Amino acid sequence: MDRCVVLVDAGYLLGAAASLLAGEPARSRITVDHAALIQGLRERAEADTQQPLLRIYWFDGAPDRVPQPEHRRLRVMPRVTVRLGALTRSDGRWAQKGVDAAMHAELTELARNRACSDVVLVTGDGDLLPGLMSAKEHGVAVHLWAVQAADGDYNQSEDLVAEADERRVLDRAWITQAVRARDLTGICAPAPAPRPEIAAILSAPLPESALAASAERAAEAQAAAARNGTAPPEDPAKNGAPVPAPSGVKGVPTPKDLASLRGPGSTPAAAPVPAATLRWSSDKGWVERPGSALGESPETASLPTLAQLTSAEQRWADREEDITTVGGDPYEVGQVFARRWMERLPEPSHVQKLSTMYPRIPHRIDGELLRYAARFGLLAHKDDQIDEHDRYAIRAGFWREIDVRAAAERQPAGE
């Protein structure tokens with residue numbers, strides 16, 4: 001039948017693109033516009049084969065073969081079928097299992113049933129050589145596409161290249177229409193653009209509850225030292241010695257800087273307390289630094305989580321929106337989460353209450369926020385945790401939405 005089919009090995013396509021644009025094959029180093037990528041594949045295939053497209057098959061790996069957010073977005077696109085193999089971790093690295101076998105079976109079946117006249121293979125694995133030869137024996141023209149290699153050489157099996165009927169290279173210009181480098185420190189990427197809202201979150205002061213607990217522990221230490229007849233440990237803050245900033249932070253913004261980052265009309269952030277040691281929240285709850293305290297205040301405990309505010313019907317609607325419209329950029333993810341939380345609050349005063357806690361997100365909401373972000377593949381191909389910079393970007397997006405709403409609610413009162 002006179003039509004073409006495209007079989008894509010996503011591991012090869014995106015890994016090679018990451019090598020080309022970011023200097024290493026880790027897919028976490030790139031951001032992919034899947035809609036643009038699918039459209040580009042379709043247009044290129046129809047132009048090269050001079051045949052209309054029947055379907056694009058997207059072969060990829062996933063932990064336990066459970067579709068990831070990108071797979072859910074892809075499989076609802078027209079003319080796209082997703083086939084998943086397993087994604088396993090060995091020696092600290094991710095590896096696909098079953099993807100080559102699935103591509104081989106699909107290629108052979110399409111050729112045997114004469115479902116198409118031309119097949120486009122986007123892969124580099126020599127294991128597909130028997131399937132390629134079988135397709136040719138059934139009268140199918142096989143087009144082999146490669147991604148431009150970072151070193152200028154082939155990144156495909158030599159035997160596969162030799163047996164293909166037609167060969168094409170997807171060059172950098174074509175790739176960058178749908179793929180860009182995420183880690184801007186890569187050898188092929190421009191210098192990173194500053195994100196002041198993330199710097200503000202990095203410089204967060206310790207909450208008042210932690211300060212009170214720290215003072216209480218200091219008093220207990222002095223009492224114990226008096227009973228034992230030893231000198232209590234000296235507090236460096238009493239001598240004006242600064243407390244070290246977190247690792248990787250070169251400077252701490254002033255209260256004026258933090259206020260300017262939050263925008264006009266917003267509540268100024270509390271000034272950094274030199275004697276405080278910062279406490280950071282993460283996807284696993286609070287991460288303690290020396291001198292911080294556990295627990296949360298009654299004010300933060302009274303704030304409802306998004307799960308408590310979401311009905312079963314809304315949950316399905318949220319999932320549909322995540323699949324079809326949310327791109328998965330960390331900053332955008334934080335904004336979407338904050339918008340949903342604010343829209344479902346029974347009491348608008350909760351927004352003002354949370355705004356006064358800037359830049360510290362209560363840990364129950366923060367943990368829920370990061371678990372939500374994990375749906376968008378931010379955990380994939382990493383060490384099962386969200387990248388530190390991505391966590392700051394997620395929270396920055398969250399706070400930007402909170403600030404916009406809080407400022408809008410204060411505006412009538414100011415007039």
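The values are calculated or read from the model by the stated rules, or taken from the named source; none is laboratory data. Here the structure is a predicted model, which means the values were calculated and not measured. Note that each Cβ is placed from the backbone with ideal geometry, even for glycine, and that neighbours are counted across all protein chains shown.
Observations
- Residue check for Val147: out of contact with any helix residue (DSSP H, G or I) (no Cβ under 7 Å at 6 or more places or on another chain) and within 21 Å of Ala17 (Cβ to Cβ): no
- Which listed residue, of Leu132, Leu110, Leu128, is surrounded by 20 or more Cβ atoms within 10 Å (Cβ to Cβ), in contact with an Asp or Glu (Cβ under 6 Å, 6 or more places away or on another chain), of a type in the set (A, V, I, L, M) and in a helix (DSSP H, G or I): Leu132
- Condition check for Gly15 on (1) touching a residue at least 24 places away in the same chain (Cβ under 8 Å); (2) under 15 Å from Ala150 (Cα atoms): one failure, at (1).
- Selected residue (only one of Gly61, Gly85 is in contact with a Leu (Cβ under 9 Å, 6 or more places away or on another chain), surrounded by 14 or more Cβ atoms within 10 Å (Cβ to Cβ) and either hydroxyl-bearing (Ser, Thr, Tyr) or part of a strand (DSSP E or B) (or both)): Gly61
- Residue satisfying condition, being farther than 30 Å from Gln68 by Cβ and either over 21 Å from the mean Cα position of the chain (by Cα) or at pLDDT 80 or above (or both), within set Arg279, Arg344, Arg364: Arg279
- One residue stands out among those in the range 46-87 that are more than 24 Å from Val119 (Cβ to Cβ) and free of Cβ contacts under 8 Å to residues at least 24 places away in the same chain: the one that is nearest to the chain's Cα centre (by Cα), which is Pro67.
- The requirement of being surrounded by 23 or more Cβ atoms within 10 Å (Cβ to Cβ), under 26 Å from the mean Cα position of the chain (by Cα) and either of a type outside the set (Gly, Ala, Ser) or assigned by TED's automatic domain parsing to the domain that holds Asp171 (or both) is satisfied by Ala18.
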